[in-house]
Amino acid sequence: MAKRPSVISSKEIFDLVITDLRMPKADGMAVLKAVKSSSPETVVLVITAFATADSAVDAMKQGAYDYLTKPFQVDEVQLIIRNALEKRRLSTENILLKREMASQSSFAQIVGQSESMQKVFDVVRKVADAKSNVLICGESGTGKELVARAIHYNSARSPMPFVAVNCSAVPETLLESELFGHMKGSFTGAMANKAGLFEVANGGTIFLDEIGDTTPTIQVKLLRVIQEREFRRVGGNQDVKVDVRIVAATNKDLEKAVADGSFREDLYYRLDVIPIQASTVAASNRRHPASRETFHREVFTGKRQAGSRVDIGGDARVVGP
């Protein structure tokens, strides 16, 4: 690995790299710089039998997580590796948490007008632990993302990430990179390797909002992820395996889109395994200040208080198995 640091680091995104400072055909500092240049989030440990204060300081400045001198205890290294990987995990979770917090503002405006939210609770509980993909249909503002989050947080995947992306809000040229990641130099502005949202969501759920607005190119790539459970980053030549549940949503009539050729029929049937029809939701946080807390308590935690009630509209329709 150390003999060709620039080549290997440009093709992979490693969680952890351990490099010696002095090697016959490569320099450890060159490995460190190459890895951090192509994948800044990768944790790098530098080991050496020729430790000096200057080399240690230089390594830390270049982004090394730690600097170990030989000989060292295996238990010590194992502990450092565990701590380093935990730091990387927490960093990823922090990024996801910021995304979650940015989306929480929409919850405060969601209030309903009928007792039919119970139907949503019921279908969420029924489909939460299924492995099948879910397609939520409904007009904008009908709480489709709330249902998607509820499905995730009531499932066995809840400890893993929930990642949401609005497909209509990202240009096609950037959406591919956003979903599948890219390699350094694959396009102008790709200054480092980047993991895509499918990779970030591995083990959890990805919510693809406004799936009906995706282009044929993106649809082909999504179909491959569903069928093969793998994809390639933009500019990459290696397949990346993922285990992700897909919950998609749209405000379009996808059957009509299939008929007119703007949406792939095979992708539609792969997504529409469990269909849910969202209903219109009223917005009035001032009139119902407890609505957000009630929704979170009853759907996200599965705990419903006696006599409590959440309404989403008299015309609520839920379709499920």
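Annotation for segment 53-71: no member residue is among the aliphatic types (A, V, I, L, M), outside the structural domain of SER186 (by TED's automatic domain parsing), under 30 Å from the mean Cα position of the chain (by Cα) and closer than 30 Å to ALA164 by Cα. Within segment 145-157, restricting attention to residues that are aliphatic (A, V, I, L, M) and part of a helix (DSSP H, G or I), the residue that is farthest from ARG245 (Cα to Cα) is LEU146. Checked against (1) in a helix (DSSP H, G or I); (2) more than 30 Å from LEU197 (Cα to Cα); (3) modelled with pLDDT of 80 or more, LYS119 passes all but a single condition, namely (3). How do the strands (runs of 3 or more DSSP E) wholly within segment 158-257 filter down when requiring 2 or more residues that are touching a strand residue (DSSP E or B) at 6+ places or on another chain (Cβ under 9 Å) and crowded, with 22+ Cβ neighbours inside 10 Å: which remain? Here the list reads 162-166, 205-209, 245-250. With respect to the stated conditions, THR42 is assigned by TED's automatic domain parsing to the domain that holds LEU21, within 24 Å of GLY196 (Cα to Cα) and modelled with pLDDT of 80 or more.
The values are calculated or read from the model by the stated rules, or taken from the named source; none is laboratory data. Just so it is clear, the model here is predicted, and its values are computed rather than measured. With ideal geometry, Cβ positions are generated from the backbone for all residues, glycine too; neighbour counts draw on all protein chains shown.
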